[in-house]
1. If R₀ is 25 angstrom, what is the calculated FRET efficiency for the pair ASN185 and ARG508, using the beta carbon separation as r and rounding to 0.05?
2. Probe radius 1.4 Å, ligands and nucleic acids left out: which of ASP281, ASP294, ASP479 has the largest accessible area, and how do the rest follow?
3. Using the Kirkwood radius built from alpha carbon pairs, what does the Stokes-Einstein equation give as D for the range 510-584 at 20 °C and 1.002 mPa s, in µm² per second?
4. Give me the one-decimal nm value for the distance between modelled label points at ASP539 and HIS41, 7 Å along each residue's Cα-to-Cβ direction.
5. Roughly how much of CYS246 is accessible, in Å² to the nearest 10, using a 1.4 Å probe?
6. Among the GluC sites (Glu not before Pro) in the range 476-519, which ones are in a DSSP loop with at most 15 other Cβ atoms within 10 Å of the Cβ? Mind listing them?
7. Regarding the range 146-189, what is the average projected area of its C-alpha convex hull, in nm²?
8. Please identify which residues in the range 128-167 have an amide N closer than 12 Å to a label point set 7 Å out from the Cα of ASN546, following the Cα→Cβ vector.
Amino acid sequence: MPSLRKRVSSYFRQLSFHNEPRDKRHNINENSFVTKYLQGHSTLREGPPIIYGKNPTDLPNYELGEYETGHSSILGCYSGPNGGLTTVRRTEKHLSVPDPDIDFIDTQDENGGEDPSDPSALAPADDSSLPEEWSRKSELVYGVSDSLYDRNQVTDNKNGDPIADCFGVISRQNSAIVAVADGVNWGEKASIAAKSAVHGSLHYLNKTIFNDTRPFDSLTIKGDETSGPSAGFSNRVANTREIFVCLLRAFSCAHDLILENQGMLTTLTVAVVLPLKRRDDAQRYVCCVCNVGDTLAYVYSQRHGLRELTKGSHDINCNRDMRDALGALGPVDGINPELSNLTLSVTTLNKGDIVMVASDGLTDNFDPNVCRFTVNSRLGEAPSRVRRTPSTTEPPVKPPRRSQNKNAPTRGAARAVTVAENKTSSLRKQISSQQKQETSKTANKSDTAQGYKFLRSKTTIEVRAGSGGISRQIARNEDGIPYVTPLQRYELQLLLIEDVLKNGISGRDQPCTTAKKLCENLVSFTFSITSAKRHTLEDQELYFDNRNGVLVEVSQQEKKIRRKRGLEKVQNLPGKLDHVTVVAWNVGNCQ
């Protein structure tokens, strides 16, 4: 049985020719993952439409079916990493103060001298010590968060700690809330912001939609005049418009809790899944998503493949700067958030689909440019620097056969050559100018006589290249890496994620059918694609000198110089070092 390293190496060679040996880097692999897509052999599958907008009134309004509420109906309740949202607390608001007028910066004294942002006063340090109500994960309710950064060889800690991401999920039999926040930049304040955002949004949604606050009771600091428990409530939301109103208010609560806990900036994406009102025998579901920033949500289906639920929050026709989160909660200007890309989206789901939310540390590592499988197309690229694959869009010109009869008249042979040349010239003109149907029919008849078979398309006439389908010209750079447009880059990213979920890293695994397997496959890929960068930066020569067989630690200044050189080395290696987080839930949870 091949080792994991061999399976991973084999998979990357299948994805792109860029991982071929140096002496073969100019050899174009026609069976690579990218080449098949660019030649039209691999495309995205269409599924139920994803509709997005800025306001609830921009979206269609679906009627909801019956769903379970209350604490006893919870099947899964999980958060992370390192305690997740349970490591921050919230202050119960006074009944006499309306929500929009609360300024948490001026009400810190109401906490009775306890600072909820003090790490020493917070709850568990790792997932193993999570409260019982927040450690209910399973194959169908799962989340993973980790760091892709290199490990410091002196302190044995990972650079970039603490992890600035946070996830949370609360699931019931036929409904769920799934959330991920990604703290902007590094540090404790970014981590507190992410945990506060997930805490505040999940608390509000679980209370208003599912009439339950018990998972948060031990995380709430209550005053003398605070609002009572919601156990007696029995109301349910009736349609998706009410869900979106709840989502917008939940984001407001998340921002308020960030200010209360003195956190910095974070992205946030929350997905709410509920059953639709039945109109036939098949039970269908609806997924409502609200997001700010570059944390993205997807739905994976065996039938329809992978679809991005948050694509309305970023322009898929433009190349995005990965250093720009596009939006954030928290005190961007001292008190207010940046909501320029806040987006609401809705789509319908089927039982067995998997909804997932992931931070950019995961999604960016499936970007074909980050993986070094492709490069951005350049307008005005010099033709001499562009390599193109052999094209079969023009049929080869066959020379006229010489007559086997040596006594054949010369005039007849010349006439045969002229006729053949005329046919070939006419054929080229018909292909390039896309003439009308009658002319095309005539061309097809003459082409069949010469042995050429053509495939008709709405936009052009392409040559059928044997059994391999349509072959298109692919522009490449000096190293043979294909150029792609922003839209091609986006679609390749989705196809790559789908391929890992369908075939695993080895390329021979069974398709993912559970949330746990989905999370593990995606995170394993990110660790594999970034391993070269991580190993380069973990080289002991960056931290020590070898003096007569003894490792001697160098000065801090020398470490900075050597690490800077190391960073220059890893710039052209595949992958992106970041915190990686993904949480998923199986639709129609059957536990």
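1. 0.05
2. Ranking ASP281, ASP294, ASP479 by accessible area, largest first, yields ASP281, ASP479, ASP294.
3. 144 µm²/s
4. So the two model labels end up 3.8 nm from each other.
5. Approximately 20 Å² for this residue.
6. Passing sites in the range 476-519 are GLU478.
7. 4.2 nm²
8. Nothing falls inside the zone, counting backbone N under 12 Å.
The values are calculated or read from the model by the stated rules, or taken from the named source; none is laboratory data. Small disclaimer: the values here were computed from a predicted structure and weren't measured. For neighbour counting, all protein chains shown are included, and Cβ atoms are generated from backbone atoms with ideal geometry for every residue, glycine included. The accessibility values were calculated without ligands, DNA or RNA, using every heavy atom of the protein model including side chains. Shrake-Rupley method; radii C 1.70, N 1.55, O 1.52, S 1.80 Å.
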